[in-house]
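Undergrad: Just passing along the structure, written as structure tokens.
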Amino acid sequence: MSDATIPPGWAAVRLGEVAEFVMGQAPPGDTCNRSQNGTVFVKAGEFGSLHPLIREWTTKPLKMARSGDVLVCVVGATAGKLNLAVDAAIGRSVAAIRPTSALDTKFLYYTLLPRVQELRRGSAGSAQGVISQADLGAITLLLPPIAEQYRIVCEVEELRAKAGIARTALAKTPELLDRLRQSVLASAFRGDLTAGWRANNPDVEPAAKLLSEIRHQRRAKWDAGVQEGTNKRRTYPEPRAFSSAEMPDLPVGWEWTTVEHLSTKVTDGVHSKPVYVDAGVPFITVKNLTAGPGLSFENTKYISEDDHREFTRRTAPEKGDILVSKDGTLGVVRRIESDCPFSIFVSVALIKPVSDLIGEYLAQALTSPQVQAGMKATGTGLQHIHLVDLRATPIPLPPEKEIPVLLARLKDRLELTALRKAQQGATEGMYALEQAILAKAFRGELVPQDPDDEPASVLLERIRAEREAQGERKGGRRKRATAASGQG
């Protein structure tokens, strides 16, 4: 770095010139405890967001850090991570950087903070990186006068506090978007989104007419299955009667019905764990429903073609069908959007809607708060939704001509992708802003320089002189000790 780029009164130094280092050493294992017996013991695993977590002690500390040091992880995947120290013994994965009077502790911490990745990349070793004492000592930094260091720390902490408030607010955005989604869904399936449309179209055929047509479609598909040999039972299973007497009121023309009335089949996947193979047909479990916004085929296990054929004799997922998680994480709904063949586990239910329109509507209705509340779960530990209860789940049904209008308006109001991307971009922007603040601070551009501050070079010369004098005193003591032992 040229002198032209160094602010007035600052000096370019190596960390070893203005700090000492204590490299950690693990105490004997039988001296470590979690019963608060002895001295606090800190390893890399105890590093917190700013200070180490205190959860282990030792009765035989070997290497000590003290308050005012900066701790750095020097081994492993977290090499380069920083914490402000407390009085504690430190393990071999930790080093303590002990500033001299030329260097403020927090200034050092904030100086090194943007350089964690640099420290990590520069670490050497085997599979895990190692930062040596020599590596730490060779770190270069720009050193302001000590008074200016204090001013920089105050300004950095004030700006970081403001950024933290903004970051906390941004972190709440996904939850707010989810609440907005639930509010929109609740509004849609109690008829609010299409209230104006109904007022302008009072003469449409009611949902009762649609339910009558669905009953005929359902029976026709059953009869076709019997003729094709795909239905083993020859007696048509009538959907269970449903009473809406205790259900909330719906708009005029709407009807309460159930999942069973709107589908030709409600079943689940194979009830025993299959034999997995390296390559074959994807085998879907609840985790594939919860891994993202749609049905995920990432990190999927596979079964053989023969097992898939056997499993799909009972449960054959197809494009347009609906999957619902029924064990553990309950009520996650995914509509099958592709023709990719797969089988499902018992933890996943399969709903075959009577038509594409009903399938699209049912997939959305099943995610609404009022329908989710009607899904009956049982079990004290791991909860389940039994198929009989899933079939009986109440569904509000509008007239046939109202369904496409409702779905279109619902799609418009649930288009939250842009908002989620904006939130993600703002969060990344906050991180970049904090890095920019630190970079500006350590270029001497964050606070004004004061010509009355003692230059860093003067303080450095004084520290060098003190170190030389200290070295001479130590050398004199060693000579006297040697002479005394010779006389003895």
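Undergrad: Obtain the nm distance between the two label points defined at Asp203 and Leu414 by a simple spin-label model: each point lies 7 Å from its Cα along the Cα-to-C-beta direction.
TA: A separation of 3.3 nm, rounded to one decimal place.
Undergrad: With θ set to phi - 60°, apply the Karplus curve 6.51 cos²θ - 1.76 cosθ + 1.60 along the range 188-196 and write out the HN-Hα couplings as whole Hz, x wherever there is a Gly or Pro.
TA: Whole-Hz 3J(HN,Hα) from phi for the range 188-196: 5, 8, 10, x, 5, 5, 10, 4, x.
Undergrad: Right, next: With respect to the cross-link table entries Lys265/Lys421; Lys162/Lys411; Lys265/Lys401; Lys209/Lys319; Lys172/Lys319, which display a Cα-Cα separation exceeding 30 Å? Walk me through the intermediate numbers first.
TA: Values: Lys265/Lys421 38 Å; Lys162/Lys411 36 Å; Lys265/Lys401 24 Å; Lys209/Lys319 27 Å; Lys172/Lys319 35 Å.
Violating the 30 Å Cα-Cα cut-off are Lys265/Lys421; Lys162/Lys411; Lys172/Lys319.
Undergrad: What is the ratio of the Cα radius of gyration of the chain to 2.2 N^0.38 Å, with N the residue count, to two decimals? Can you show the working numbers first?
TA: On the way: Rg = 34.4 Å, N = 488, 2.2 N^0.38 = 23.1 Å.
It is 1.49.
Undergrad: If r is the Cβ-Cβ distance from Ser67 to Glu246 and R0 is 60 Å, what FRET efficiency results, to the nearest 0.05?
TA: Computed FRET efficiency for Ser67 and Glu246 comes out at 0.40.
Undergrad: Something else about it: Convex hull volume of the Cα atoms in the range 294-401, per residue, in Å³?
TA: Numbers: hull volume 13.3 nm³, N = 108.
Given the Cα convex hull of the range 294-401, per-residue volume reads 123 Å³.
Undergrad: Now for a different question. Arrange the peptides 428-436, 359-367, 89-97 so that the one whose residues have, on average, the most other Cβ atoms within 10 Å appears first.
TA: Details: 428-436: 12.9, 359-367: 21.7, 89-97: 24.6.
Top of the packing list down: 89-97, 359-367, 428-436.
Quick note: the coordinates plus some simple rules give every number you see, no bench work behind them. In this text, all values refer to a predicted model and were calculated from it rather than measured experimentally. A quick note on method: Cβ atoms are made from the backbone with ideal geometry, for glycine too, and the neighbour counts reach across all protein chains shown.
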